[in-house]
Amino acid sequence: MKEETYHQNHHDLPFLTCPATTTNSTRTTTSEEINGVQSWRVRSFRDLLIGMGAGFGCFMGMAFLFDETFGAHHQSVPSMSMSTAIQSNNITRWMPTQEKEDNHSPLIIDASTTRTLHLPQQNQNRHQYSQQRQHQQQQQQQHRRLTSSSQPRDFLAIVKTTGTDKVHGALTFEACLKNRDKCPRKDAVNPKCRVLQGHFYNTMYNKWLAPYSLDTTPKFQFLEIGFYHGSGFDAYKQMMPQAEMHSIEIACIEAGPVSEGKWPHGNFASKHPNYQHYIDTNQLHCGDANNVQYLNQVWTTHMKRPGAPPLKVVVEDAAHLAHHMATSLFFWFPKIEPGGILIVEDVQPIAEANKFRTHVLPQVMKDLHFCGDSTEHLKDRACFPTLWPLLQSIHCEMHICVFERNQQPAVEHPLEQAAPPPHALDANQCLFHSSD
């Protein structure tokens, strides 16, 4: 037999080049060839055993390393008992034997927060664990909403840490509904008015201050009229971290009789721990917010200065007197930059503020729809010529209104035009006389 015939019959050994022996034209395999084949098979089996041993050693090494790493978090983790695991959906199927016997909670590593959590006792199910995780996620979301620039801050959550009556109604309304006899104003027809302070301002503030509550908001000026104890100022400061803060308060002027231009009722603002700091840094301005000469001094000295950020937000929350509220509207609204807002609180049916609700606000609302057309049957005229050209919209909820600026540039009116006109608190002169 020739060599190529040999390879065909022994295709599994094509690499053997053993010498051929020919007897009577028939090839026979020598003893050296047989021994070589046997030796090769022995070596292959030996190498296979060595490889299996090496792989098993690597596996045990990795298992030991994992056990050492996990032990850094939990020093006394018992060995896992797979033989006793029940084929079910119960999470305790993989619980360590010792913890099953002791009825302890299994240790769970929460990869999303890198914290260790303990499930309830063994008799608690997965639904309870899911509720626990959902509660933790809600707390994390609330914390991010207060501190993160990726989404607007929550005014209600902030006020709970600073304390102010701006959301008093929202915080006490539910309890008042449950027991009307315990409501301070239980005879009010409107249920929301039965609480002592019917203020639910958080919905309006969350909506209108949202663009100003981000860390990425460009610098701007904020003005509060009525500092009082400063709790509202602190809430605004947290709500709008990019704002240059200003507030006006009459109580911190010199003590004395009103006839001498002084304040006789005590300094409310001085109770705030940062009172002196706010004065020293020109954030708190002490004076009469109903005096346009003083307002102009604050504006030109502390706010309208070279390089100052634009005035975008003004909040009126001072004496709750209708003519004071009107002064804030007429003096500050034209000075607000395009797209800004002026917020008037306490638009409510109380003797001091009622005329703003029944006289000033209706006239501004009429001017919002002013066209100035002269027809045969109607000659339309504006009630407040210094306001309507700058007015984009008016938005009100109970006891609070937002006056939105349009895109017209801010205007500096002479002081005589920066005060409310005589008919501001008498709607009869304009509201019901649209034609000559």
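The values are calculated or read from the model by the stated rules, or taken from the named source; none is laboratory data. These numbers were taken from a predicted model, which means no experiment stands behind them. We place every Cβ from the backbone using ideal geometry, glycine too, and count neighbours over all the protein chains shown. Calculation scope for accessible area: heavy atoms of the full protein, side chains included, ligands and nucleic acids excluded. Shrake-Rupley method; radii C 1.70, N 1.55, O 1.52, S 1.80 Å.
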Quiz item: Taking a point 7 angstrom from the Cα of residue 392 along the C-beta vector, which residues in the stretch 207-228 have backbone N less than 14 Å away?
Solution: 208-212
Exercise. Would you mind checking the radius of gyration and Dmax of the stretch 210-288 based on alpha-carbon positions, in Å?
Key: 14.0, 47
Quiz prompt | 1.4 Å probe accessible area per residue over the stretch 243-330, in Å² | solution = 46
Practice problem: Check the straight Cα-Cα distances from residue 237 and name the lysines below 20 Å, setting aside those fewer than 8 residues away within the same chain. | Solution: 160, 166, 207, 219, 271, 312
Practice problem: Return the lysines within reach of residue 366: Cα separation strictly under 18 angstrom, same-chain partners fewer than 8 residues apart disregarded; answer none if there are no such residues. | Solution: 355, 379
Exercise. Determine one quarter of the surface area of the Cα convex hull of the stretch 329-376, which equals its mean projected area, and express it in nm² to one decimal.
Key: 5.0
Quiz item: For the stretch 138-281, what mean projected area does the convex hull of the alpha carbons give, in nm²?
Solution: 11.6
Exercise. Would you mind working out the accessible area per residue for the stretch 336-436, using a 1.4 Å probe, and quoting it in Å²?
Key: 51
Quiz prompt | Those GluC sites (Glu not before Pro) in the stretch 308-372 that DSSP places in a loop and that have at most 14 other beta carbons within 10 Å | solution = none
Quiz prompt | the stretch 210-236-the stretch 361-432 distance, computed between alpha-carbon centres (Å) | solution = 26
Practice problem: May I ask for log10 I(q)/I(0) of the stretch 180-238 at q = 0.14, 0.21, 0.22, 0.23 Å⁻¹, from a Debye sum over the Cα atoms as equal point scatterers with solvent left out? | Solution: -0.59, -0.92, -0.96, -0.99
Quiz item: Using a simple spin-label model with points 7 Å from Cα along the Cα→Cβ vector, what separation in nm is obtained for residue 258 and residue 203?
Solution: 3.6
Practice problem: At 0.36 nm per residue, minus the direct Cα-Cα distance, what do residue 369 and residue 137 gain on full extension? Give it in nm, one decimal, please. | Solution: 78.8 nm
Practice problem: Leaving ligands, DNA and RNA out of it, report the carbon-plus-sulfur percent of the accessible area of the stretch 245-327 at a 1.4 Å probe. | Solution: 52
Self-check item: Separation of the residue 413 and residue 215 label points, Cα + 7 Å toward Cβ, nm
Solution: 4.1
Quiz item: Using a basic spin-label model with each label point 7 Å from the Cα along Cα→Cβ, how many nm lie between residue 432 and residue 50?
Solution: 11.2
Exercise. Would you mind getting me the FRET efficiency between residue 381 and residue 160? Use the beta-carbon distance for r and R0 = 51 Å, nearest 0.05.
Key: 0.60
Quiz item: So if R0 is 51 Å, what FRET efficiency would residue 282 and residue 189 give, r being the distance between their Cβ atoms, rounded to the nearest 0.05?
Solution: 0.65
